[in-house]
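To keep things clear, I will list the structure first and then write my remarks on it.
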Amino acid sequence: MWLYLVVLVVLYYLLRWYRERQVVSHLEDKFVFITGCDSGFGNRLARQLDQRGLRVLAACLTEQGAEQLRNQTSDRLQTVILDVTKTENVTATTNWVKEHVGDRGLWGLVNNAGICTPMAPNEWLTKQDFVKVLDVNLLGVIDVTLSLLSLVRKARGRVVNVSSYCISKYGVEAFSDSLRRELSYFGVKVAMIEPGYFVTNMTQDEGFIGYLQALWNPASPELKELYGENFPSDATHGIMTLSLLKPRWTQNLSLVTDCMEHALTACHPRTRYSAGWDAKFIYLPMSYLPSFLVDLIVYCYYPQPAKAL
């Protein structure tokens, strides 16, 4: 009995390995549009796909970022300035993409642009704090996708969304799931990239610590009494401790961009890609655990308020 089970498992993984090695033909004729290419994952992916021979359309937030990217890539790569929170900018960029792809359509759309703020108790935040993040990480993804969807459908291409483990990215997960099911009738594939912790401009410790302190300073006396004056320093100490324990893979952005490239170039891409060992062995397993176990882990790990029960 066990022997048959082992044989079936081995055959399954061999079949998956074989299917995932099959690559789409004529990559040099395919256009890929990537948001958030100033730095981090988007910048590396743009350079990686350019070296692979694809026609990359890279959206940057700043002209400085666009110029630096152009200096590092071939003449095939084209850049455009895009703020995903501004619909008029998204519309203008869509027209720009149409001019470049013509009748071929857009093979790949990678929604990579995003912002990151540190973890803090919800009652420290305001509605505007949530709006700022959701506007970029969720509504920006939706706006860009809907604007370019007809071009992706024309090419029977791919949509690749960067997800994660926070409020705004939970929305991206749900949007991607619904999009994947709707577009399957048109031969369009939708993939999600779920990276763990990686060191990029968005995740620098100094920014996290400064933001946490900025939230604490104007807090009401009642809130400060409830959490205790040492709470920010305890949380900061936790961040710094994690910094000292950062494993080597957090510097290797190619673990993420290789997943993105596979989603764009493989004949049979996966629905979800978990990049980084923390994503594979911590965050992903926790998503399948009973809620009470996850709550217990978080309860024991996070700093405790001064007046906790």
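The values are calculated or read from the model by the stated rules, or taken from the named source; none is laboratory data. Remember, it's a predicted structure, so these values are computed and weren't measured experimentally. Using ideal geometry, Cβ is built from the backbone for each residue, glycine included, and neighbour counts are taken over all protein chains shown. Calculation scope for accessible area: heavy atoms of the full protein, side chains included, ligands and nucleic acids excluded. Shrake-Rupley method; radii C 1.70, N 1.55, O 1.52, S 1.80 Å.
Data table
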| item | result |
| --- | --- |
| Fraction of antiparallel bridges per DSSP, the chain only, in percent to nearest 5 | 5 percent |
| Semi-axis lengths, Å, the stretch 118-177, gyration tensor of Cα atoms, sqrt of 5 times eigenvalues | 28, 12, 7 |
| Length-normalised contact order of the chain in % [C-alpha pairs under 8 Å, at least 6 apart] | 18 percent |
| 18 Å Cα-Cα reach of LYS224 towards lysines, excluding residues that sit fewer than 8 places from it in its own chain | LYS307 |
| Convex hull projection area averaged over all views, the stretch 139-228, Cα basis, nm² | 8.2 nm² |
| Calculated diffusion of the chain, Stokes-Einstein form, Kirkwood radius summed over Cα pairs, 10 °C and 1.306 mPa s, µm²/s | 75 µm²/s |
| Unit Cα scatterers, Debye sum, the stretch 57-214: log10 I(q)/I(0) for q = 0.12, 0.18, 0.20 Å⁻¹ | -0.59, -1.22, -1.41 |
| Residue-level accessible surface for GLU261, protein heavy atoms, 1.4 Å, Å² | 30 Å² |
| Dipole of the stretch 42-103 [Lys/Arg +1, Asp/Glu -1 at C-beta], most positive-end residue of ASN95, LEU57, VAL80 | LEU57 |
| With DNA, RNA and ligands ignored, accessible area of ILE81 (1.4 Å probe; Å², nearest 10) | 60 Å² |
| Relative contact order computed over the stretch 54-94 (Cα-Cα under 8 Å; 6+ residues apart), in percent | 40 percent |
| Accessible-area order (highest first, 1.4 angstrom probe) of the listed residues TYR301, TYR273, TYR211 | TYR301, TYR211, TYR273 |
| Area accessible to solvent at ASP29, 1.4 Å probe radius, in Å² | 70 Å² |
